[in-house]
Amino acid sequence: MDAYSLKRSVRWEGISMYSVTKRISMVKQPYGGYLNKKQFDITTIDDGKILNEKENIHASLIGLAVDYLTRFLMGTSAEEAFKISLQGALCLDLFLNNASDKKGLALRNAKKLLKGIKGLDDESVNNVCKLVGYDVCFRAGIMGYKPVEEINPDSDTIGNIVIMIERSLTFWKEYGPIIKDGFTFEGGYTDIVSSGDGDYLTRDTLWDFKVSKEEPKSKYTLQLLMYYIMGCHSIHPEFKQIEKLGIFNPRKNKVYIANISLISPEIIEKVSRDVIGYK
């Protein structure tokens with residue numbers, strides 16, 4: 001069953017199942033959040049570069065472009081780095097399959113864009129921005145889709161993406177190596193949280209990438225804590241070695257790290273039970 005049909009069938013049966021990103025927007029947290037940003041040690045990296053003030057595509061697309069292209073440039077295959085984009089294109093095709101002239105059109109276009117991704121040249125970055133436009137079809141449903149042909153980053157936007165990717169590559173030279181990336185949480189999903197994928201694992205840290213202009217919000221620190229708890233319940237043994245939760249923001253060029261040992265067991269239990277839905 002495709003993602004759109006599954007979403008509809010779940011709704012019809014009256015079951016509330018959400019992605020991690022949807023769930024964090026629904027939860028009323030205590031003041032400061034379950035995982036207060038004050039629990040994070042902050043390091044600012046100065047590379048002497050200044051980003052352009054204005055960008056002409058949505059911030060979520062920029063975040064995905066920076067994340068996926070960084071993975072690709074670090075050696076992950078293009079098909080793996082952009083797998084959710086390809087799955088989104090497939091979801092769109094399945095939704096449009098009654099229109100005979102559009103059968104398979106989205107996935108064919110996605111694969112064409114994928115072949116045009118080589119590095120940090122303008123054409124590659126442009127192709128990446130269009131390709132990640134398919135992600136929403138898989139992550140949130142077809143209704144949020146904007147035709148990728150309408151996603152046309154200008155030179156300022158492309159320049160910012162390139163700088164943020166260069167910062168990300170520099171970051172990993174110091175904080176890597178990565179042992180797992182783009183992972184899901186099989187074995188860790190519940191009747192409440194049924195989807196979600198983490199960014200990166202190093203030997204002892206779970207990392208999330210954010211390209212926000214702001215400091216980490218409580219919903220994003222909750223997201224990271226949920227990923228950790230779900231990871232511990234999942235099939236991935238690497239989570240047994242995780243001691244820290246980290247956020248890297250290549251837009252601000254800041255690193256945020258919290259020690260899990262300093263997070264209250266009561267908080268972890270409450271998030272496990274009330275937010276994620278473990279019995």
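Please treat every number below as a calculation from the coordinates, not as lab data. As the structure is a computational prediction, the values presented were derived from the model and not from experiment. Note: ideal-geometry Cβ built from the backbone for every residue, glycine included; neighbour counts use all protein chains shown.
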* Given charges at Cβ of Lys, Arg, Asp, Glu: the chain dipole, positive-most of 232, 124, 158 -> 232
* When the convex hull of its Cα atoms is projected in every direction, mean area for the stretch 125-279 (nm²) -> 10.2
* Using the Cα gyration tensor of the stretch 58-210, with a ≥ b ≥ c the square roots of its eigenvalues, what is the shape: rounded (a/c below 1.5), prolate (a/b larger than b/c) or oblate (neither)? -> oblate
* List the relative contact order of the chain as a percent without decimals, with contacts defined as Cα pairs under 8 Å and 6+ residues apart. => 26
* For residue 208, list long-range residues whose amide hydrogen, built 1.01 Å from N in the peptide plane, is under 5 Å from its own amide hydrogen. => 246, 247, 248
* Fewest-first ranking of 82, 248, using other Cβ atoms within 10 Å as the exposure measure -> 248, 82
* Structure fact -> Cα pairs beyond 29 Å in the chain, in percent, come to 34
* Asked: How large is the helix-only mean residue ellipticity at 222 nm for the chain, computed as the sum of -39500 (n - 2.57) over DSSP H runs with n ≥ 4, divided by its residue count, in deg cm²/dmol to the nearest 500?
  -> -12500 deg cm²/dmol
* To do: Please get the size of the charge dipole for the chain, origin at its Cα centre, with Cβ charges of +1 on Lys and Arg and -1 on Asp and Glu, quoted in debye to the nearest 20.
  => 560
* What's the exposure ranking of 143, 74, going from fewest to most Cβ atoms within 10 Å? -> 143, 74
* Calculate the dipole size of the stretch 57-153 relative to its Cα centre from +1 charges on Lys and Arg beta carbons and -1 charges on Asp and Glu beta carbons; express the result in debye to the nearest 20. => 260
* **Solitary cysteines of the chain, where the nearest other Cys Cβ is not under 4.7 Å** => 129, 232
* To do: Would you list, by chain and number, the lysines whose Cα falls below 17 Å from the Cα of residue 37, excluding same-chain residues fewer than 8 positions away?
  => 28, 210, 213, 217, 219, 244, 252, 254
* Name the most mobile residue of 60, 264, 19, meaning the one with the largest mean-square fluctuation, in a Gaussian network model of the chain with Cα contacts below 10 Å. => 264
